[in-house]
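Visitor: Please read through the structure below; I'll follow up with questions.
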Amino acid sequence: MMKSTYSYDTLFPIGNIDPKVWSSFTEHLGRSIYGGIYDPDKPFSDKNGFRNDVKTAVKDLNLGVIRYPGGNFVSNYDWKDGIGPKKDRKKRMDFAWSTVEPNQFGIDDFCAWAKEVGVEPMIAVNLGTGSIKSAAELVEYCNHDSGTYWSDLRIKNGHREPYNIKYWCLGNEMEGDWQAGHMSAAQYADKAREAAKMMKWVDSDIKLVACGSSYEMLPTYLKWDETIMKQLYPYVDYISTHNYNMNSGQGAQNFLASWKQLDDHIQNTKNVLNYSKSLQPKFKDKDIKICLDEWNVWNMQDIKMDSLDDLNGMTTFELTDAKKWEEHPAILQEKYSLLDALVVGGLGITILNNVDAVEIACLAQLLNVISPITTDEDGHLLKQTIYYPFQLLTEYGRGEVLKPHIESDTQSTDYGDIPVVETATVYDKANQQLHVFALNSDTKQSSTLALHLTGFKSINLTEHITFTGDDLKAINTFENPNNVIPTKLSTENESLDNLTLPKASWNVLTFDVAE
Ligand code: AHR
């Protein structure tokens, strides 16, 4: 049996977990909005057309922010199409997903829904085909009290109080040629700087996210960040990056180890931020944080490609589940397996271990599209396998993350030799509890985890939740919704020196502690 020893001391934290680390994302894509959030004239929806089952499930996740309205969609979206009387709203072509956007849901609807589910909106502006003027007008519409054209229009549309939206993304994935209005790093830096200036002239309290590099396969990876940060460092508060992990036939053990790829990806962004800061002597007290505003497992189950190389030159997505120009077709509705859920749990551990730099992280997405929650057209809601690790992370991942000293048996993977057990440890001082998240990526045998914890007078293991199973391909379905769910293990024979993690498992160990 493999053995790993992790040592922690309360004197050595990595950092505090910002509540926005557990956030998500909804895009006008497939059935994420229509059929996800919004399903009007149905017995299972409220008077605004918001699905009641979805509201309950989203509230339970206790999310920080929800990013909206895209994604690729935003780069050809005019927010003005989505306000005012619904009968007058125009249908538009959406080039990102080759669908028709009916515009029956827009910024006012999203803000009303976000208020009901208790989350802060994080709004992306269109910096692809959109103008900097239109971006500033959106801030005026949302955040200015009254007495100007756009703020008064919001009031006329039935929303007296300003939304005071704090977090704004300056476009989406502008580095990629699949993006409407894609541009070079230098062009983006100019446009984003001018948009930032005007948006902050409207409301100086807003926080801005610059579009950073997302995909390692692109020739501009990181060079993009270096170029844009030379100009944008004084103007923005965050840089975004995106990361999707894919089961591409590399084998379960390798896929389980793919948290290391996200870790490397985040280290790269940290490094380029440090370098950018060193070029800004006037801003030596300003730290730009990372906004990982899209992360998940995405196996591209309905994207047409012959090989992964196709992704390199992809300018439009060819989907197998829909024809072109349908309204909210059921696309990108991934079915997640137990294996995918364990990987999502591993990615969550990586995010925790990087909270010194990552202040916002959005699981992409929230509803129906590459998401933990799937709804059907008859009012049923399914929690996919990946819902469970994410829900446990949002519940127990609150407090301060401690820095590990690791002595572990290693495994040889596509990402190098890495510990067979990966953990993140969260000290919840207010409740005097310690939560240890642990992934055992050994698919053949259980592993022993030993914890050396310094700084506590007493430590008692109270709960061991594990997520595992014999069939890594198992999924949840509407017919069998509880096929793959976490279970509790007896803690009777477990000691700090000898915790047993089942083969291929993701675990949450909770301890009552006293300092
Ligand atoms: O989340 C799906 C898509 O993935 C988003 O629209 C885009 O930003 C990313 O490429």
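The values are calculated or read from the model by the stated rules, or taken from the named source; none is laboratory data. Keep in mind that this is a model prediction, so the values were computed, not measured. Glycine gets a Cβ as well: all are built from the backbone with ideal geometry, and neighbour counts include every protein chain shown.
Visitor: I need a count of the residues in region 489-515 that are within 27 Å of Gln411 (Cα to Cα), free of Cβ contacts under 8 Å to residues at least 40 places away in the same chain and in contact with a His (Cβ under 6 Å, 6 or more places away or on another chain).
Guide: Final tally of qualifying residues: 1.
Visitor: Among the numbered criteria (1) within 20 Å of Lys191 (Cα to Cα); (2) surrounded by fewer than 23 Cβ atoms within 10 Å (Cβ to Cβ); (3) out of contact with any helix residue (DSSP H, G or I) (no Cβ under 9 Å at 6 or more places or on another chain), which single criterion is violated by Ser131?
Guide: Among (1) within 20 Å of Lys191 (Cα to Cα); (2) surrounded by fewer than 23 Cβ atoms within 10 Å (Cβ to Cβ); (3) out of contact with any helix residue (DSSP H, G or I) (no Cβ under 9 Å at 6 or more places or on another chain), Ser131 violates only (3).
Visitor: Quick one: which helices (runs of 4 or more DSSP H) sit completely within region 89-182 and have at least 3 residues that are of a type outside the set (Lys, Arg) and touching a Pro at 6+ places or on another chain (Cβ under 8 Å)? Spell out the reasoning first.
Guide: Values: elements: 107-117, 132-143, 149-156.
By residue number, 107-117.
Visitor: Okay, next question. Which condition number does Asp378 fail, the rest of (1) outside the structural domain of Glu334 (by TED's automatic domain parsing); (2) surrounded by fewer than 22 Cβ atoms within 10 Å (Cβ to Cβ) being met?
Guide: (1)
Visitor: Something else now. Any residue at all in region 130-144 that is farther than 18 Å from Gly84 by Cβ, within 16 Å of the ligand (Cβ to nearest atom) and not polar (S, T, N, Q)? Break it down stepwise before answering.
Guide: Narrowing region 130-144 to residues farther than 18 Å from Gly84 by Cβ: 130-133, 135-136, 139, 143.
Narrowing further to those that are within 16 Å of the ligand (Cβ to nearest atom): 130.
Then drop every residue that is not not polar (S, T, N, Q), which leaves 130.
Within region 130-144 (the criterion being farther than 18 Å from Gly84 by Cβ, within 16 Å of the ligand (Cβ to nearest atom) and not polar (S, T, N, Q)), the answer is yes, since at least one residue qualifies.
Visitor: Right, another one. Write out, first by first residue and then by second, each pair whose Cβ atoms fall under 7 Å of each other, whose residues are 6+ apart or on separate chains, and whose first residue, in region 12-26, is closer than 10 Å to Arg398 by Cα while the second is of a type outside the set (Val, Ile, Thr) and within 16 Å of the ligand (Cβ to nearest atom).
Guide: As it stands, the answer is Val21/Ala361, since those pairs meet every condition given.
Visitor: For residues that are within 16 Å of the ligand (Cβ to nearest atom) and among the basic types (Lys, Arg), tally how many sit in region 1-58.
Guide: 1
Visitor: Also, I was wondering about something else. Report whether or not Ala112 is away from the ligand (no atom under 16 Å from the Cβ), under 18 Å from Trp79 (Cα atoms), of a type in the set (A, V, I, L, M) and surrounded by fewer than 16 Cβ atoms within 10 Å (Cβ to Cβ). Break it down into steps so the answer makes sense when it comes.
Guide: Numbers: away from the ligand (no atom under 16 Å from the Cβ): yes; under 18 Å from Trp79 (Cα atoms): yes; of a type in the set (A, V, I, L, M): yes; surrounded by fewer than 16 Cβ atoms within 10 Å (Cβ to Cβ): yes.
Considered against the rule, which asks whether it is away from the ligand (no atom under 16 Å from the Cβ), under 18 Å from Trp79 (Cα atoms), of a type in the set (A, V, I, L, M) and surrounded by fewer than 16 Cβ atoms within 10 Å (Cβ to Cβ), Ala112 comes out as yes.
Visitor: Take the conditions of a type in the set (Val, Ile, Thr), farther than 27 Å from Gln250 by Cβ, out of contact with any Phe, Trp or Tyr (no Cβ under 8 Å at 6 or more places or on another chain) and in the same structural domain as Gly35 (by TED's automatic domain parsing) and apply them to Val355. Does it pass? Walk me through how you get there before you give the answer.
Guide: Values: of a type in the set (Val, Ile, Thr): yes; farther than 27 Å from Gln250 by Cβ: yes; out of contact with any Phe, Trp or Tyr (no Cβ under 8 Å at 6 or more places or on another chain): yes; in the same structural domain as Gly35 (by TED's automatic domain parsing): yes.
Yes: the conditions hold for Val355.
Visitor: Name, by its number, the condition in (1) crowded, with 24+ Cβ neighbours inside 10 Å; (2) farther than 24 Å from Gln301 by Cα that does not hold for Pro389.
Guide: (2)
Visitor: Counting only residues that are within 16 Å of the ligand (Cβ to nearest atom) and over 11 Å from Gly128 (Cβ atoms), which one in region 193-214 is surrounded by the most Cβ atoms within 10 Å (Cβ to Cβ)?
Guide: Gly212
Visitor: Quick check on my filter: what residues within region 354-374 are in a loop (DSSP other than H, G, I, E, B), in contact (Cβ under 8 Å) with a residue 40 or more places away in the chain and within 15 Å of the ligand (Cβ to nearest atom)? Working first, answer last.
Guide: Applying the first criterion (in a loop (DSSP other than H, G, I, E, B)) to region 354-374 yields 354-357, 365-366, 368-372.
Filter once more, so that each one left must be in contact (Cβ under 8 Å) with a residue 40 or more places away in the chain: 354-357, 365-366, 368-371.
Passing the criteria: Gln365, Leu366, Asn368, Val369, Ile370, Ser371.
Visitor: Also, I was wondering about something else. For region 285-295, state whether one or more residues are buried (at least 17 other Cβ atoms within 10 Å of the Cβ), modelled with pLDDT under 95 and either under 25 Å from the mean Cα position of the chain (by Cα) or among the β-branched types (Val, Ile, Thr) (or both).
Guide: So the first thing to find is which residues in region 285-295 are buried (at least 17 other Cβ atoms within 10 Å of the Cβ), and the list is 288-295.
With modelled with pLDDT under 95 added as a condition, the list becomes none.
So far as region 285-295 goes, no, none of its residues is buried (at least 17 other Cβ atoms within 10 Å of the Cβ), modelled with pLDDT under 95 and either under 25 Å from the mean Cα position of the chain (by Cα) or among the β-branched types (Val, Ile, Thr) (or both).
Visitor: Given region 406-445, what strands (runs of 3 or more DSSP E) lie entirely inside it while holding 3 or more residues that are crowded, with 21+ Cβ neighbours inside 10 Å and either of a type in the set (Ser, Thr, Tyr) or on the phi < 0 side of the Ramachandran plot (or both)? Can you show your working first?
Guide: Values: elements: 410-413, 416-419, 421-428, 433-440.
Where strands (runs of 3 or more DSSP E) fall fully within region 406-445 and carry at least 3 residues being crowded, with 21+ Cβ neighbours inside 10 Å and either of a type in the set (Ser, Thr, Tyr) or on the phi < 0 side of the Ramachandran plot (or both), they are 421-428, 433-440.
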